[in-house]
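K.L.:
If you scroll down you'll find the structure; I have some questions about it.
Any read-out appearing in this document is the output of simple, stated calculations on the displayed coordinates, not a laboratory observation. From a predicted model like this one, the values you see are computed outputs, not experimental measurements. Note that each Cβ is placed from the backbone with ideal geometry, even for glycine, and that neighbours are counted across all protein chains shown.
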Amino acid sequence: MAKLEELKPPSSNSDSSSSAELIENCFGYLKLYSDGTIFRSAEIKHKSTIQENPSVIWNDFLFDPLHNLNLRIYKPKKDPKSPNHKQLPILFYFHAGGFCFGERFYPNPHNSSLSLCSGLQSVVISPDYRLAPESRLPAAIEDGFTAIKWLRDSDFQTLTWLSDVEIDFDRVFVFGDSSGGNIAHHLAVRLGRGSPELKPIRVRGYILLSPFFGGVLRTKREEEKPYENFWSQEIYDQLSIPHGANVDHPLVNPFGASSPSIEGLRLDPFLVMVGGDEVMRDRVEDYAMKMKASNHQVQYVEFEGKQHGFFTSYSYLEESKNLIQLVKDFISKNSSSII
Ligand SMILES: C=C1C[C@]23C[C@H]1CC[C@H]2[C@@]12CC[C@H](O)[C@@](C)(C(=O)O1)[C@H]2[C@@H]3C(=O)O
């Protein structure tokens with residue numbers, strides 16, 4: 001039985017909570033009661049451990065005082081023996097967790113950020129975002145946007161912690177894993193190519209790893225429901241989409257009947273990746289094909305035999321080098337443009 005961590009105390013003590021009905025139960029990891037009480041299991045946090053990376057330094061910053069949200073910035077440690085004056089790109093990293101779980105300091109997101117920072121020789125910014133069911137969509141997407149605007153508006157002369165690294169604000173990339181991949185898609189669409197509202201920073205590409213999308217019409221894979229990590233579309237239905245909506249909501253299904261057309265938009269390039277054994281493989285492939293068919297620049301890569309979460313769980317191992325190399329190539333290919 002999972003040990004439960006109380007997030008929000010019941011409105012009155014045992015009376016209301018004992019009579020409160022369990023409305024939703026997400027695999028025991030998250031329980032929602034009729035009186036609004038939410039229990040989250042602390043167990044999910046400890047599924048893996050932090051892998052120290054001596055070549056990276058990190059620090060936390062408050063980026064949204066209104067919602068009390070922090071982000072973690074990672075920078076490669078300078079090697080005094082081989083001083084490198086190259087300007088570093090910036091990679092935003094939006095963590096996974098089905099919109100309901102996760103914070104920047106959980107072992108998997110933290111390990112992934114460390115690996116991306118050292119492997120890419122890039123500054124990595126990993127923002128928290130509001131979670132459902134306390135804050136349903138579009139809260140997470142709004143928070144992603146706020147984090148990017150925080151970078152735009154930051155005075156880096158005064159952000160002394162970063163003053164020892166040369167940052168290339170002209171080379172900003174957005175990486176999102178699972179629910180974070182959904183956030184990355186919506187940021188890309190909202191900002192458009194070259195994102196003039198972000199000047200002087202320039203986002204040049206979006207990297208979506210197993211982006212968490214849905215749709216009323218299930219894919220073959222989803223119907224077959226092969227055994228995998230517990231994620232499924234039901235988590236959207238139960239916990240994170242706006243009340244009264246279904247999984248064809250535009251924030252869940254970018255190609256649903258009521259989703260605004262993506263055709264004709266000018267978007268920055270995408271790298272879309274998925275594990276070959278993921279329940280969401282078909283949906284992600286379909287997304288990539290539809291994006292291409294709408295004339296967007298999309299590179300689609302499948303990692304044979306891999307399941308959901310394959311990168312975050314093993315980001316520090318040799319086998320993740322391929323993924324990091326693909327991201328590296330995508331960054332160098334898209335580091336400049338005629339616009
Ligand atoms: C500690 C973690 C590890 C998380 C994020 C956060 C809370 C939820 C976890 C999962 C659990 C289910 C999937 O494996 C996963 C890929 C996912 O989508 O959420 C995991 C994700 C990760 O590996 O980055």
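K.L.:
When MET289, MET280 are ordered from fewest to most other Cβ atoms inside 10 Å of their Cβ, what list results?
P.N.:
MET289, MET280
K.L.:
Just to be sure I understand: with springs between alpha-carbon atoms less than 10 Å apart, which residue in PRO65, PRO211, PRO54 has the highest mean-square fluctuation in the Gaussian network model of the chain?
P.N.:
Most flexible of the set in this elastic network: PRO65.
K.L.:
While we're looking at this one, here's another question. I want to check the label-to-label distance for LYS199 and SER34. Put each point 7 Å from Cα in the C-beta direction and report it in nm to one decimal.
P.N.:
Modelled inter-label distance: 5.7 nm.
K.L.:
Taking Cα pairs under 8 Å and at least six residues apart, what relative contact order does the stretch 264-318 come out at, in percent?
P.N.:
Relative contact order, the stretch 264-318: 46 percent.
K.L.:
Relative contact order of the stretch 74-133, please, whole-number percent, based on alpha carbon pairs below 8 angstrom and at least 6 residues apart.
P.N.:
Contact order relative to length: 48 percent.
K.L.:
Same structure again: Please give the length that would be gained between LYS321 and LEU159 if that part of the chain were fully extended, namely 0.36 nm times their separation in residues minus their C-alpha to C-alpha distance (nm, one decimal).
P.N.:
On the way: separation 162, 0.36 × 162 = 58.32 nm, distance 3.15 nm.
Gain on extension, LYS321 to LEU159, equals 55.2 nm.
K.L.:
Also, quick follow-up: Want the number for VAL216 to ALA257: 0.36 nm per residue separation, take away the alpha-carbon distance, what's left?
P.N.:
Result: 13.7 nm gained on full extension.
K.L.:
When only C-alpha pairs under 8 Å and at least 6 residues apart count, what is the relative contact order of the chain, in percent? Don't skip to the answer; put the middle values down first.
P.N.:
Values: 640 pairs, mean separation 49.3, N = 339.
This gives 15 percent for the chain.
K.L.:
What ranking do LYS86, LYS45, LYS75 get, fewest neighbouring Cβ atoms within 10 angstrom at the top? Can you show the working numbers first?
P.N.:
Details: LYS86 9, LYS45 16, LYS75 20.
Arranged by neighbour count, lowest to highest, LYS86, LYS45, LYS75 become LYS86, LYS45, LYS75.
K.L.:
Ok, one more. Could you sort out which of LYS77/LYS149; LYS149/LYS199; LYS86/LYS328; LYS225/LYS306 sit more than 18 Å apart by Cα distance in this structure?
P.N.:
Working: LYS77/LYS149 26 Å; LYS149/LYS199 10 Å; LYS86/LYS328 15 Å; LYS225/LYS306 15 Å.
LYS77/LYS149, as the Cα separations exceed 18 Å there.
K.L.:
Rounded to the nearest 0.05, what FRET efficiency do MET289 and GLU134 give with R0 = 41 Å and r taken as the Cβ-Cβ distance? Could you check?
P.N.:
0.70
K.L.:
Now for a different question. When the helix-only estimate is applied to the chain (DSSP H runs of n ≥ 4, each -39,500 (n - 2.57), divided by the residue count), what is the mean residue ellipticity at 222 nm, nearest 500 deg cm²/dmol?
P.N.:
Value at 222 nm, helices only, nearest 500: -7500 deg cm²/dmol.
K.L.:
If each residue's Cβ is checked for other Cβ atoms within 10 Å, how do THR312, THR160 rank with the fewest at the top?
P.N.:
THR160, THR312
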